[in-house]
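Only one structure is covered here, and it is reproduced in the block below.
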Amino acid sequence: MSGTGEAHPSGHSAGAGWLRPAVFGAMDGLVSNIALISGFAGGAAGRPAVVLAGLAGLASGAFSMATGEYTSVRSQNEAMRAQIEVERRELEQYPQAEHAELAGFFRDQGVDAPTAESVARQLARNPDAALRAHARNELGLDVDDLPSPLGAAGASFGAFALGALVPVAPYLAGFASFATAAVLAGLGLFALGAAVSRFTERSAFYSGGRQLLLGSVAAAATYGIGILVNTFIT
């Protein structure tokens, strides 16, 4: 009977894989940290300052992403459980109406009326099975497969950190040239952009090139800001 949910909540659906959020998390880390490092490089900062900025950006961004993801998924799970509890109460208070509703859903799926009535009646004998059926058919939720807040936080933290590590890695290895970091970041941007094409109808070359362009614009802008700050403050 409940009409509070029509489909999976947006953002994270129960049981969804983590490939998509991992790709986008890594991209966020890469873009934000190459932009941050570009600002310091434009300001003529030395290698120690760039390393410190890069690692600080990695840590702060990763913790921020993990915290936000944990809060988001936990809040979403609480909302889902609240909807499931509404269904549970309706099953207890209005069993006949809920039975008719479930049988009607099966008929809408092409099941003949006698079979639909039989299946709904069998499910009604097991309250947990009936609840699962109603939650899945009415709310688009799987009672036994809600996403893990800790898993989401860990995936976001790791993906962002890996992406953010790319532009700072050459400095950690002893290179003091921003050009090396920029080239490595550009390759990473193209590769991650190409990976995004898995979720779209665009070609890998188009998606990779677009992400490379957007990331380059962000890096160029902060590089220019670094130059201006260095010019007028020092």
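Please find, among Ala185, Ala195, the residue that is open to solvent by less than 40 Å² (accessible area, probe 1.4 Å) and at pLDDT below 90.
Going through Ala185, Ala195 in turn, the sole match is Ala195.
Restricting attention to the range 160-176, does a residue exist that is open to solvent by 30 Å² or more (accessible area, probe 1.4 Å), at pLDDT below 90, part of a helix (DSSP H, G or I) and not basic (Lys, Arg)?
no
Which residue is farthest from Arg132 (Cα to Cα), if the candidates are limited to the range 66-87 and must be of a type in the set (Val, Ile, Thr) and out of contact with any Leu (no Cβ under 7 Å at 6 or more places or on another chain)?
Thr67
Quick one: which residue in Leu213, Leu150 is closer than 28 Å to Ser72 by Cβ, open to solvent by 70 Å² or more (accessible area, probe 1.4 Å) and not aromatic (Phe, Trp, Tyr)?
Leu150
The values are calculated or read from the model by the stated rules, or taken from the named source; none is laboratory data. It should be emphasised that the depicted structure is a prediction, and the values quoted were computed from it without experimental measurement. Please note: Cβ atoms are built from the backbone with ideal geometry, for glycine as well, and neighbour counts cover all protein chains shown. For the accessible areas, the whole protein counts, side chains as well, though only heavy atoms, and no ligand, DNA or RNA atoms are used. Shrake-Rupley method; radii C 1.70, N 1.55, O 1.52, S 1.80 Å.
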